[in-house]
Amino acid sequence: MQLGASLPIGDIGTGPSPVRDYAQAAEALGYDYLVGPDHVLGKNPDADTGGIRMGTTATAYHDPFVLFGFLSGVTSKIGFAAGVLILAQRQAALVAKQAACLDELSEGRFRLGVGVGWNEIEFQGLGADFHTRGKMSEEQVRYMQALWAEPHVTFHGAYHHLDDGGINPRPKSGRVPVWFGGHVEATFRRAATYGDGFMPNRWPPGDDALAAFAKLRAMTIAAGRDPAAVGIEVWMSAGKGTEQDWRNEVAFWKAAGVTHACVHTTFNSAIHQRIDGHTMQDHLAAITRYRAAVADLL
């Protein structure tokens with residue numbers, strides 16, 4: 001099982017020095033990969049949203065392709081994952097090109113996590129349709145996979161049309177790994193049919209998580225694919241629990257067949273908790289302590 005760490009850009013700063021130093025420190029600690037989130041636009045945090053959930057500009061987010069393009073040049077072995085890129089608010093051919101270039105420059109260290117998004121203001125500002133984002137992103141993945149696999153593609157779908165065109169460079173393997181984030185039925189189906197992995201963050205260790213993984217594997221078999229070809233990534237919190245709690249959670253996930261586990265230091269939810277501190281030292285201390293506690297279980 002691979003162990004990853006989140007990139008706490010909003011706390012440590014957006015400049016080249018803190019981002020580089022954090023990535024190099026995580027690599028030196030033995031982390032397998034880094035996860036970076038994606039938000040292009042945010043609402044004014046002082047605006048009245050009428051109780052509607054809305055992402056704001058209060059927290060900084062780097063574009064994942066720019067961020068990981070920079071980090072691929074200052075690291076040598078640590079991997080990178082977009083967690084997750086909101087695909088439907090972007091042009092699929094452009095994302096395919098960016099991902100292929102990053103795959104080339106990072107020498108295959110990049111995974112493209114994709115999701116349908118929830119922050120409607122981003123779709124508004126990018127001129128994309130919020131209401132068709134699920135169907136759109138599904139076709140986008142098929143389109144991108146075709147562009148990565150062959151030098152020239154003819155593709156005609158509901159949203160994308162291309163006559164004998166292609167991108168260069170393409171991934172040497174003919175594929176950039178696509179991991180689907182989300183929890184609805186359609187996400188399971190897309191991951192099982194087209195994905196290289198599934199990235200949920202809703203379930204703590206327990207029967208609900210095991211049932212979700214079993215469902216994914218059954219759907220993968222039904223799609224004519226080997227379940228071993230579809231990885232599973234979960235998120236864990238360095239701000240919650242003791243070292244023994246962490247060990248118990250890692251042991252559970254590994255026994256459940258999880259392939260990737262990411263330690264977050266800033267994410268809050270019903271089952272996740274950020275660390276108390278906000279400095280570079282606070283975050284590095286947290287991921288150092290976490291890895292030391294679970295390293296022998298990976």
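So if I place +1 on the C-beta of Lys and Arg and -1 on the C-beta of Asp and Glu, and nothing else carries charge, what would the dipole magnitude of the chain be about its Cα centre? I want it in debye, nearest 20.
On the way: 26 positive and 31 negative charges, 93 e Å.
Approximately 440 debye in magnitude.
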Table column - 3J(HN,Hα) (Hz), the range 36-51, Karplus curve with 6.51, -1.76, 1.60, x for Gly and Pro:
x, x, 9, 8, 7, 10, x, 7, 4, x, 8, 7, 8, 9, x, x
Cα coordinate range in the range 142-261, projected on the principal axes (Å, largest first):
56, 29, 24
Quick one, what does Rg over Rh come out to for the range 2-297 if you take C-alpha atoms and the Kirkwood Rh?
0.95
Simple spin-label estimate for residue 289/residue 135, 7 Å along Cα→Cβ, in nm, reads 5.0
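Report, in deg cm²/dmol and to the nearest 500, the calculated mean residue ellipticity at 222 nm for the chain, where each DSSP H run with n ≥ 4 adds -39500 (n - 2.57) and the sum is divided by the residue count. The partial results should precede the final answer.
On the way: 10 runs with 120 residues, N = 298.
That comes out to -12500 deg cm²/dmol.
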With labels modelled as points extended 7 Å from the Cα through the Cβ direction, what inter-label distance (nm, one decimal) is found for residue 124 paired with residue 273?
3.6
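Under the definition of Cα pairs under 8 Å and six or more residues apart, what whole-number percent is the relative contact order of the range 2-297? Intermediate values should be presented prior to the final figure.
Details: 522 pairs, mean separation 50.8, N = 296.
Rounded, it is 17 percent for the range 2-297.
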For the charge dipole of the range 216-298, defined by +1 on Lys and Arg C-beta atoms and -1 on Asp and Glu C-beta atoms about the Cα centroid, which residue among 219, 264, 284 has the Cα displaced farthest towards the positive pole?
219
Please work out the Cα convex hull volume for the range 40-171 and give it in Å³ per residue.
103
Compute the Cα gyration tensor for the range 106-175, then decide on rounded, prolate or oblate, letting a ≥ b ≥ c be the square roots of its eigenvalues: rounded whenever a/c is under 1.5, prolate when a/b is larger than b/c in the other cases, and oblate in all that remain.
oblate
The range 1-65: Cα Rg divided by the 2.2 N^0.38 Å rule of thumb
1.38
Relative contact order of the range 242-298, please, whole-number percent, based on alpha carbon pairs below 8 angstrom and at least 6 residues apart.
48
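Can you give the local net charge around residue 217? Use residues other than it whose beta-carbon is closer than 11 angstrom to its beta-carbon, Lys and Arg +1, Asp and Glu -1. Numbers along the way, then the final one.
Values: positive: 215, 225; negative: 226.
Within the 11 Å Cβ shell, the charges total +1.
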Percentage relative contact order, the range 26-139, counting C-alpha pairs under 8 Å, at least six apart:
31
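Only the coordinates and a few stated rules stand behind these numbers; no lab work does. Predicted model, so just to flag it, every value in this text is computed and none were measured. Using ideal geometry, Cβ is built from the backbone for each residue, glycine included, and neighbour counts are taken over all protein chains shown.
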